[in-house]
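Here is the structure we will look at.
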Amino acid sequence: MITFWFGLVVLAWVLYFVLEGFDFGVGILAPVLGRDDHERGAAIRTVGPFWDGNEVWLVAAVGVTFAAFPAWYAALLSGLYLPFALVLLLLAVRGVALEFRGKHSSPAWRRRCEWALAVSSGGVMLLWGAILAVFARGLALSASGSVTGTGIGRSLGPLWTWWSLAGAVVALGGAVLLGATFLALRTTGPVRRRARTAAVASGSALGLFAFGAGWALGSRAFLVAAFVTLGVTVLARAGSEAAAFTGTAIGAAAAVAAILTAHGDVVLPSTLDPAWSLTRASAAATGSTLRLLTIAGLIILPGVLAYQAYSYWVFRRRVSSERIPS
């Protein structure tokens with residue numbers, strides 16, 4: 001039962017970062033790739049039907065972690081409360097920018113919303129990259145399972161490491177690459193051409209950075225990410241849009257899954273003493289709670305997956321970014 005629910009936690013985080021990853025990437029790229037209001041609107045419309053549904057997986061990931069692994073949830077939220085609060089604030093800004101962009105006909109209003117969308121999307125990915133590095137490296141857990149330290153430094157300190165900074169840059173670059181390959185797959189006209197160019201440029205830059213970070217930090221994970229990214233760049237350069245997007249999505253999913261399962265049975269390492277690390281068994285809820293959650297999960301999860309698959313099928317056609325003369 002514990003293994004089953006841990007697998008659901010990993011699945012929820014993987015779906016969130018893959019599906020929201022291209023949302024964030026499109027948000028970052030829309031003001032750059034669109035030369036006028038029509039082109040920027042076309043880029044944003046590619047994620048318009050999906051972004052709020054994709055965000056459900058963040059609620060699912062946090063909710064399942066809280067219900068099935070309360071000790072894990074408590075350690076993460078108490079140790080990283082400020083970064084998580086900043087993520088929620090930036091997600092709110094992103095949602096307002098998307099929803100309110102079309103509520104006013106003023107070009108200045110639309111531009112402000114577009115740049116708010118780009119800044120909030122980029123900020124969220126930087127924070128998530130730094131937080132995921134903490135998932136992998138661990139927190140200063142005491143023998144009681146609580147995070148030691150006081151003040152703001154307790155919450156922001158784990159993010160000010162070379163690992164977290166490298167993770168932030170890789171996450172931002174990965175979102176840009178995912179967004180560029182998604183736009184190349186989902187648009188026509190000038191935005192599609194610029195998105196293909198952006199995919200090659202961002203993939204090359206990300207691959208080189210990941211290779212340098214892997215060599216400097218002695219991390220095989222960064223080196224693997226570099227080779228995967230460069231492989232996707234080759235596909236993008238060859239014009240294989242579907243293959244490039246699929247490869248980027250699989251790479252992002254594999255990276256998130258690898259981070260969450262890197263330490264085997266340990267879900268959150270302790271940087272003070274490995275014996276104080278949280279394991280799946282020590283962080284899990286009681287058996288009766290997990291059985292009750294299983295009944296609810298088996299009823300709700302298939303419906304959510306079916307609804308999202310249907311929405312992607314309905315809005316599967318490309319969005320035109322060229323102007324059609326009347």
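No lab work stands behind these numbers, since they all come straight from the coordinates. Model, not experiment: these values are computed from the prediction. Note: ideal-geometry Cβ built from the backbone for every residue, glycine included; neighbour counts use all protein chains shown.
Averaging sequence separations of C-alpha pairs under 8 Å and six or more residues apart, then dividing by the length of the chain, give the relative contact order as a whole percent.
Result for the chain is 27 percent.
So for 209, 69, fewest C-beta neighbours within 10 Å to most, what's the order? The partial results should precede the final answer.
Values: 209 18, 69 25.
By the 10 Å Cβ count, ascending: 209, 69.
Give me the one-decimal nm value for the distance between modelled label points at residue 306 and residue 115, 7 Å along each residue's Cα-to-Cβ direction.
4.7 nm
What FRET efficiency do you get for residue 258 and residue 105 if R0 is 45 Å and r is their Cβ-Cβ distance, rounded to the nearest 0.05? Could the numbers behind the result be given before it?
Values: r = 47 Å, r/R0 = 1.04.
Efficiency, from the Cβ-Cβ distance: 0.45.
Relative contact order of region 9-92: what whole-number percent is it, with Cα pairs under 8 angstrom and at least 6 residues apart?
Working: 45 pairs, mean separation 27.4, N = 84.
About 33 percent, as a whole number.
Can you give me the relative contact order of region 51-125 as a percent, contacts being Cα pairs under 8 Å and 6 or more apart?
Numbers: 37 pairs, mean separation 19.2, N = 75.
For region 51-125, the relative contact order is 26 percent.
Starting from the Cα gyration tensor of region 47-134, take the square roots of the eigenvalues, sort them a ≥ b ≥ c, and report rounded, prolate or oblate (rounded when a/c is under 1.5, otherwise prolate if a/b is larger than b/c, else oblate).
Prolate is the answer for region 47-134, as a/c is 1.5 or above and a/b outweighs b/c.
Using Cα-only point scatterers and the Debye equation, what is log10 of I(q)/I(0) for the chain at each q in 0.07, 0.16 Å⁻¹, rounded to two decimals?
The Cα Debye sum returns log10 ratios of -0.29, -1.39.
What's the center-to-center distance, using Cα atoms, between region 238-265 and region 126-141 in Å?
19 Å
Go ahead and estimate [θ] at 222 nm for the chain from helices alone: -39,500 (n - 2.57) per DSSP H run with n ≥ 4, summed, over the residue count, rounded to 500. Could the numbers behind the result be given before it?
On the way: 14 runs with 249 residues, N = 326.
Calculated mean residue ellipticity at 222 nm is -26000 deg cm²/dmol.
Could you state the number of Å between the C-alpha centres of region 2-73 and region 182-208?
Value for the Cα centre distance between the two parts: 20 Å.
Between the DSSP loop rule and a limit of at most 14 other Cβ atoms within 10 Å, which chymotrypsin sites (Phe, Trp or Tyr not before Pro) in region 115-208 are left?
On the way: sites: 115, 128, 135, 160, 162, 163, 182; in loops: 160.
Hits after loop and neighbour filter: 160.
Counting only complete DSSP H runs, which helices of the chain cover 27 Å or more along their long axis at the Cα atoms and score a mean Kyte-Doolittle of -0.5 or above? Working shown, then result.
Details: long enough: 2-33 (45 Å, 1.89); 81-100 (28 Å, 1.94); 107-137 (45 Å, 0.70); 162-186 (36 Å, 1.58); 190-217 (39 Å, 0.55); 241-261 (30 Å, 1.50); 287-314 (40 Å, 1.12).
Span-like helices here: 2-33, 81-100, 107-137, 162-186, 190-217, 241-261, 287-314.
Based on the alpha-carbon gyration tensor of region 137-290 and its eigenvalue square roots a ≥ b ≥ c, which shape applies: rounded if a/c is under 1.5, prolate if not and a/b is larger than b/c, or oblate? Walk me through the intermediate numbers first.
Numbers: a/c = 2.63, a/b = 2.06, b/c = 1.28.
Prolate.
From the Cα gyration tensor of region 256-302, with a ≥ b ≥ c the square roots of its eigenvalues, which class applies: rounded if a/c is under 1.5, or else prolate if a/b is larger than b/c, or else oblate? Intermediate results must be reported in sequence, preceding the final value.
On the way: a/c = 4.58, a/b = 1.81, b/c = 2.53.
Since a/c reaches 1.5 but b/c is at least a/b, the shape of region 256-302 is classed as oblate.
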